[in-house]
Amino acid sequence: MSAYLRMGELGQCLDIFQFGPDIMATVWVLFIFLNFDLLLKTGQCAETSGQVLSITPNSQEQVEILKNVSIHYQTVLWQPVSSDYIKEQTQVHLYVPANSSQTVNDLLHRHSITYEVMLSNADEIIEMQMRNDSTDPRSGATFYQRYHTLEDIYDWINRTAKDYPNTVKVILVGSSHEKRPLYALKLSLNNRPNKKAMWIDCGIHAREWISPAFCLFFVHYSLLFYNQNQAMTQILDNMDVYVLPVMNPDGYKYTWTNDRMWRKNRFPKKGTPCIGVDLNRNFDANWCTRGASDYPCSEIYCGAFPESEPESQAVANFLRSHKDSIQIYLSIHSYSQMLLMPYSCTMDEAENHSELYEMVKQAAENIRRYYRNIYTYGPGAKTIYLAPGGSDDWAHMLGIKYSFTFELQDRGRYGFLLPPSHIQGACNEALTAVKTIALKVMEKSQASTSSRQTV
Ligand code: ARG
Ligand code: ZN
């Protein structure tokens, strides 16, 4: 298992054969040369980069050890989202920063827990993702194929509204805990009366960078392809679209400046060293029941009460006051390639379960047909885990019957660190799902209005 062990074995073996000193020296040089790479990888030398490990515990004892590692060592669980959900025969994705990799690797070895290194150069990838300056000659990609800082996104919002004064409006829906504005864009491509609307929010979870990238791409695509792409034209002729590119600006900012793996908002819980509420556990949908935590240090902390956080309250207020026009609610997350529908807060089926199921199924089929990529689909609770207090469930209970959460690329290869070169592909897939669902919803409402007219 370790290179040290093998060296020991080889040493013993050489002693037995009693080679002369010259041969011994050559053998050692050769050995070291051939195994240098291995020596580095086995963790006998300290890692110089953070790593992401994929570990599948195969006994209850290993489950307990992994829980312990993820809680007591400096690591970040990527999957599952909280150590409570680590179970036998289920893959765990664990980010291990450079300074704790030796300790963690040793510990896993000691308990004979095998693992695969999914990413050995996490730091390099993080650095690559932040290299977003368009003047950087190394980055040939265009604006929508890169990740952007919060400041750049605010600039982009203003610029977009200025460039499209007749069709784009900026709406201030609220502000974050640290008093950053929550801006949504309203796309209104024509002035037909009584239009319905779709809401899309991105970046509830700070580290899911592909999500804000999708919101930017979606706005750009809508403005560029209205009157060019048939599906997009139909959709925008029939509904307005509200897009909130960064629902958790404090968290997003923090992932650029301090901790790339941050998930929650940045609310400091008084009397504890803990920071952050999971905004997707803070809505009033079976709030803080099984699948959320009332422990402020947890990654799935539900907050002090439903809508305790200014970010979730702002979105809830906006949806409440526009619930008669908003027909479709979409929340964009990553990773794991899933198209989720209510409910996540209970095992019960939504009242319109079958029509929602038909929609996610068809969306996944279209993604598969056009992009050869697999998305799983179904109600959140059954497809991933019970997760109460989510925005999608709450919106559905409010009466927005077509409510979904998308988990974009990938399935774990890069996880939250999806390289910029994958942004385009991930966005195209999500766009396909949005189009499929919006067209289906329109079909249904047109069918119901025309049948009402015929009676
Ligand atoms: N990964 C998302 C989360 O943990 C899943 C969201 C699904 N919907 C929900 N209401 N929980 O928040
Ligand atoms: Zn998320």
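Bear in mind that the values in this text are calculations on the coordinates, not laboratory data. Predicted, not measured: the structure shown is a model, and the values here were computed from it. So basically every Cβ, Gly included, is an ideal-geometry build from the backbone, and we count neighbours across all protein chains shown.
Exactly one condition in (1) outside any loop (DSSP other than H, G, I, E, B); (2) free of Cβ contacts under 8 Å to residues at least 60 places away in the same chain; (3) within 25 Å of residue 425 (Cβ to Cβ); (4) of a type in the set (A, V, I, L, M, F, W, C) is false for residue 206; which is it?
(1)
Have a look at 171, 210, 200 and point out the one that is in contact with a Leu (Cβ under 8 Å, 6 or more places away or on another chain) and away from ligand 1 (no atom under 16 Å from the Cβ).
Working: 210 fails: away from ligand 1 (no atom under 16 Å from the Cβ); 200 fails: away from ligand 1 (no atom under 16 Å from the Cβ).
Of 171, 210, 200, the one residue that is in contact with a Leu (Cβ under 8 Å, 6 or more places away or on another chain) and away from ligand 1 (no atom under 16 Å from the Cβ) is 171.
Among the listed residues 193, 165, which satisfies the condition of being free of Cβ contacts under 8 Å to residues at least 60 places away in the same chain and under 19 Å from residue 239 (Cβ atoms)? Lay out the reasoning, then the answer.
Details: 165 fails: under 19 Å from residue 239 (Cβ atoms).
One residue alone meets the criteria, 193.
Counting only residues that are touching a strand residue (DSSP E or B) at 6+ places or on another chain (Cβ under 9 Å) and among the β-branched types (Val, Ile, Thr), which one in the range 380-429 is nearest to ligand 2 (Cβ to nearest atom)?
My answer is 405.
Which ones in the range 277-298 are within 16 Å of ligand 2 (Cβ to nearest atom) and in contact with a strand residue (DSSP E or B) (Cβ under 7 Å, 6 or more places away or on another chain)?
Restricting attention to the range 277-298, the residues satisfying the condition of being within 16 Å of ligand 2 (Cβ to nearest atom) are 277-283, 285, 291-293, 298.
277, 278, 281, 293, listed by residue number.
Which residues, counting only those in the range 298-345, are more than 9 Å from ligand 1 (Cβ to nearest atom), within 16 Å of the chain's Cα centre (by Cα) and on the phi > 0 side of the Ramachandran plot?
The one that is more than 9 Å from ligand 1 (Cβ to nearest atom), within 16 Å of the chain's Cα centre (by Cα) and on the phi > 0 side of the Ramachandran plot: 337.
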